[in-house]
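Taking it in order: structure first as structure tokens, then the write-up.
Here, each number is a calculation from the coordinates, and none is a lab measurement. The model shown is predicted, which means the values in this text are computed figures rather than measured ones. Here the Cβ is made from the backbone with ideal geometry for all residues, glycine too, and neighbour counts use every protein chain on show.
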Amino acid sequence: MGWDYPHPFTLPATPQARDIDGLKHTNNAVYVQWCEKIGWAHSESLGLNLADYQRLDRAMAIRRGEYDYLLPTTLHEELTLATWLTASDGKLTMERRFQLIRKADQATVLRGRWDLVCIELSSGRARRMPPEFCQVYLAAMVNPAA
């Protein structure tokens, strides 16, 4: 597939009847939910899950999300969603990217990006990433220029 970055973490996605809106294509809110699902799945595959976030009293929270809806998708189309961690200041922030490709023609139908900030769960305030986050997440960064 024509991924934007090397070594994607991927999940299959297929729009179901509940995902289709009045225009007969996948509702944009469904794509956002899929991005959340793959973000968590990627984090868990790297070794950090919700229980770890709670134990560490830290979380990576979405500060900004942007999505480019390039082409529509329809009921039962086979899609593959990919994600990457692409940037971090090594202290407080990270960037996560997304790309959704339709299997039938290999067309990219969506690109997305999240700006993430590390927060202290107990206060909701921005805090430095704990060493566990840096070890796991920084090691998983891809080079956007690659």
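Checking each residue in the range 125-146 for being outside any helix (DSSP H, G or I) and either within 17 Å of Trp84 (Cα to Cα) or of a type in the set (D, E, K, R) (or both) picks out Arg125, Arg127, Arg128, Ala140, Met141, Val142, Asn143, Pro144, Ala145, Ala146. Is it the case, given these coordinates, that Asp105 is out of contact with any strand residue (DSSP E or B) (no Cβ under 8 Å at 6 or more places or on another chain), within 20 Å of Asp4 (Cβ to Cβ) and of a type outside the set (Lys, Arg)? So Asp105 passes the test.
Considering Glu77, Glu95, Glu132, the condition of being more than 20 Å from Leu11 (Cα to Cα) and surrounded by fewer than 19 Cβ atoms within 10 Å (Cβ to Cβ) is satisfied by Glu132 alone. Condition first: more than 16 Å from Val109 (Cα to Cα), surrounded by 13 or more Cβ atoms within 10 Å (Cβ to Cβ), more than 15 Å from the chain's Cα centre (by Cα) and not basic (Lys, Arg). Can you find one or more residues in the range 35-43 that meet it? The answer is no, given that none of the residues of the range 35-43 is more than 16 Å from Val109 (Cα to Cα), surrounded by 13 or more Cβ atoms within 10 Å (Cβ to Cβ), more than 15 Å from the chain's Cα centre (by Cα) and not basic (Lys, Arg).
The number of residues in the range 72-128 that are on the phi > 0 side of the Ramachandran plot, out of contact with any helix residue (DSSP H, G or I) (no Cβ under 7 Å at 6 or more places or on another chain) and in contact (Cβ under 8 Å) with a residue 12 or more places away in the chain comes to 2.
Would you mind stating whether Ile101 is under 18 Å from Phe9 (Cα atoms) and crowded, with 16+ Cβ neighbours inside 10 Å? Considered against the rule, which asks whether it is under 18 Å from Phe9 (Cα atoms) and crowded, with 16+ Cβ neighbours inside 10 Å, Ile101 comes out as yes. I'm told Tyr67 meets every condition in (1) out of contact with any helix residue (DSSP H, G or I) (no Cβ under 7 Å at 6 or more places or on another chain); (2) free of Cβ contacts under 8 Å to residues at least 60 places away in the same chain except one. Can you identify the failing condition by its number? If we test Tyr67 against (1) out of contact with any helix residue (DSSP H, G or I) (no Cβ under 7 Å at 6 or more places or on another chain); (2) free of Cβ contacts under 8 Å to residues at least 60 places away in the same chain, just (1) comes out false.
Going through the range 45-62 one residue at a time, which ones are among the aliphatic types (A, V, I, L, M) and either under 15 Å from Ala126 (Cα atoms) or surrounded by 13 or more Cβ atoms within 10 Å (Cβ to Cβ) (or both)? Result: Leu46, Leu48, Leu56, Ala59, Met60, Ala61, Ile62.
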